[in-house]
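Worksheet: the structure to be examined is printed underneath.
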Amino acid sequence: MKQPPSIAAVAPLRARAVAPDVKKKIFVLDTNVLMHDPASLFRFEEHDLFIPMVVLEELDAAKKGTSEVARNARQVSRFLEEMMRDKDHAQIEKGLPLPAPSSRGNGGHGAPASGRLYFQTRPPDASLPPLLPGSKPDHSILITALALQSEHPGRRVTLVSKDINLRIKAAIVGVHTEDYYNDQVLEDLDLLYTGHVQLPADFWQTHGDKMESWQDERGRACYRVSGPLVKDWYVNEYLYLPDEAERGLELRVLAKDERSATLQVIRDYRAGKTPVWGIHAKNREQNFALNLLLDPEIDFVTLLGAAGTGKTLLALAAGLAQTLDEPRYREIIMTRVTVPLGEDIGFLPGTEEEKMTPWMGALMDNLEVLTQTSNAGDWERAATNDLLSKRIKIRSLNFMRGRTFLNRYIIIDEAQNLTPKQMKTLITRCGPGSKMICIGNLSQIDTPYLSETTSGLTYVVDRFRGWPHGGHVTLARGERSRLAAYASDIL
């Protein structure tokens, strides 16, 4: 069995590989970082990167297939080939310059990267005794990191890996490690934008001195206010004054600049007011959500909340009201990620829609709530279900690439299981006149390697914050049942 190289074998080979700049750190990249985010090559700015040969071997082994991992492995190879084009062996040994982030289409600002990319350019001496047992690739990466650490005592050598076990081994043998944090939208989920904020009791005293008021074309009151809180608001954020009955003043930020903001009193969809496809908002946050879902100027809505807060029911009711009651959209398209909670049940026969039906239990349950009437007969219920089946389409995410949806109301259920790249692919499918609603619960992520801070749903909530045609609401209170609400709180 082939043994991994020892420190003594690797250390002499690294003397010429990294420039002696004590200000720069040396980051050794694990394979899983590159396969998770191919653009990670351009995320370390002024610091040097080092890729062991075993990482290239693992990338080569993972490049086959149509999975997200295989696509990312192929993309990393293309990036590396582009950087190595027209470079000879001597130039590669001196390190390759890293391009500016924006030139790789990864959302960077184009600042020039002063760090360089290094490779393991010479074969190690396998006859020397190994530091770690076996011939695992992880052990080769550890030995390479230890060798760099020995050769450059004045510089910080850090192994970057998403593999927890490798980070544990590295800590044991004395190698500093870090997780890959660039894909995390926030350090703490508590900092995630909620879409609504409570105003202080003295709000009008501190912000009403130069207030202007008028009524818009729909007869709703509008205010222009200025004061210290304005700078912290976002367009389409909801503001409310505390009230025990939850029927106090509720406003939406229509526009803002550095000194003032335009606020509008929102519609009330609670009991006793205008229903939406037969349902009413049961709390303040649900009322905020219905205002976003029914606003024709809002193209993108995200709804977060625990189980039973009414996310799917609100989205579906608003969609039916705008598809059947008023012809704003041609049809409702509903989809979700097919990640099972337990073991997979295997092959599902039938068409695309029939294969997706078992995954759409939430749709069926909510349709039952929206269509149930005490005095309707079997024939009326059958006619209603037949009508809805023609206006609600179930689609699979696997066939979304390349499509364009015109005048459609699109609901993406369980969106917390999407990666940021998948989320971008879906949102860019929307054509003129379409509206997309992403709903999910960040505490119920079933996709491997995704967390609350790296989920695509968290990503879009943060990135669309303040966009004039997008809005977000975090639903706080469960309304499914007292059992579901209690379970969400204590379990």
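Here are a few things to note about the model shown:
- Subset of region 186-212 (residues that are of a type in the set (A, V, I, L, M) and either touching a helix residue (DSSP H, G or I) at 6+ places or on another chain (Cβ under 7 Å) or at pLDDT below 85 (or both)): Leu186, Leu189, Leu191, Leu192
- The residues of region 427-458 that are free of Cβ contacts under 8 Å to residues at least 60 places away in the same chain, within 22 Å of Ile298 (Cβ to Cβ) and not small (Gly, Ala, Ser), listed by number, are Thr428, Arg429, Pro432.
- Residue count for region 34-78, restricted to those that are closer than 28 Å to Ala147 by Cα, assigned to a helix (DSSP H, G or I) and within 24 Å of the chain's Cα centre (by Cα): 10
- Answer from Asp183, Asp179 - the residue that is modelled with pLDDT under 85 and under 29 Å from Phe464 (Cβ atoms): Asp183
- Residue within region 311-324 that is in the same structural domain as Gly433 (by TED's automatic domain parsing), part of a loop (DSSP other than H, G, I, E, B) and either in contact (Cβ under 8 Å) with a residue 40 or more places away in the chain or over 23 Å from the mean Cα position of the chain (by Cα) (or both) present: no
- Complete set of residues in region 428-448 that are touching a helix residue (DSSP H, G or I) at 6+ places or on another chain (Cβ under 7 Å) and either surrounded by fewer than 18 Cβ atoms within 10 Å (Cβ to Cβ) or within 27 Å of Val253 (Cβ to Cβ) (or both): Met436, Ile437, Cys438, Ile439, Gly440, Asn441, Leu442, Gln444, Asp446, Thr447
- Residue satisfying condition, being farther than 30 Å from Thr447 by Cα, modelled with pLDDT under 95 and among the charged types (D, E, K, R), within set Glu343, Glu326: Glu326
Rundown of residues vs (1) surrounded by 16 or more Cβ atoms within 10 Å (Cβ to Cβ); (2) free of Cβ contacts under 8 Å to residues at least 24 places away in the same chain; (3) within 18 Å of Gly471 (Cβ to Cβ), yes/no style:
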position: Gly208; (1), (2), (3): no, yes, no
position: Met211; (1), (2), (3): no, yes, no
position: Gln215; (1), (2), (3): no, yes, no
position: Pro228; (1), (2), (3): no, yes, no
position: Lys231; (1), (2), (3): no, no, no
position: Leu241; (1), (2), (3): no, no, no
position: Arg247; (1), (2), (3): no, yes, no
position: Glu250; (1), (2), (3): yes, no, yes
position: Ala255; (1), (2), (3): no, no, yes
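- Among the residues of region 135-178, those that are among the β-branched types (Val, Ile, Thr), farther than 13 Å from Asp30 by Cβ and in contact (Cβ under 8 Å) with a residue 40 or more places away in the chain comprise Ile143, Val157, Val173.
- Considering residues of region 430-478 that are in contact with an Asp or Glu (Cβ under 6 Å, 6 or more places away or on another chain) and assigned to a loop (DSSP other than H, G, I, E, B) only, the residue modelled with the lowest pLDDT: Ala476
- When Leu80, Leu159, Leu148, Leu98 are checked against the criterion of being at pLDDT 90 or above, buried (at least 20 other Cβ atoms within 10 Å of the Cβ) and closer than 19 Å to Leu56 by Cβ, a single residue qualifies: Leu159.
- Being closer than 15 Å to Leu320 by Cβ, touching a helix residue (DSSP H, G or I) at 6+ places or on another chain (Cβ under 8 Å) and either modelled with pLDDT of 85 or more or assigned by TED's automatic domain parsing to the domain that holds Ala39 (or both) is a description that applies to Met334.
- Residue within region 125-137 that is in a helix (DSSP H, G or I) and either at pLDDT 65 or above or under 29 Å from Leu397 (Cα atoms) (or both) present: yes
- Within region 371-419, tally of residues that are surrounded by 12 or more Cβ atoms within 10 Å (Cβ to Cβ) and at pLDDT below 70: 6
- Considering the conditions (1) at negative phi; (2) outside any helix (DSSP H, G or I); (3) touching a residue at least 24 places away in the same chain (Cβ under 8 Å), Ile92 is excluded by exactly one of them, (2).
- For region 273-314, taking the residues that are among the small types (Gly, Ala, Ser) and under 24 Å from Gln198 (Cα atoms), the one that is surrounded by the fewest Cβ atoms within 10 Å (Cβ to Cβ) is identified as Ala307.
The values are calculated or read from the model by the stated rules, or taken from the named source; none is laboratory data. If you're wondering where the values come from, they're calculated on a predicted model, not measured in any experiment. Positions of Cβ are generated from backbone atoms using ideal geometry, with glycine treated the same way; all protein chains shown enter the neighbour counts.
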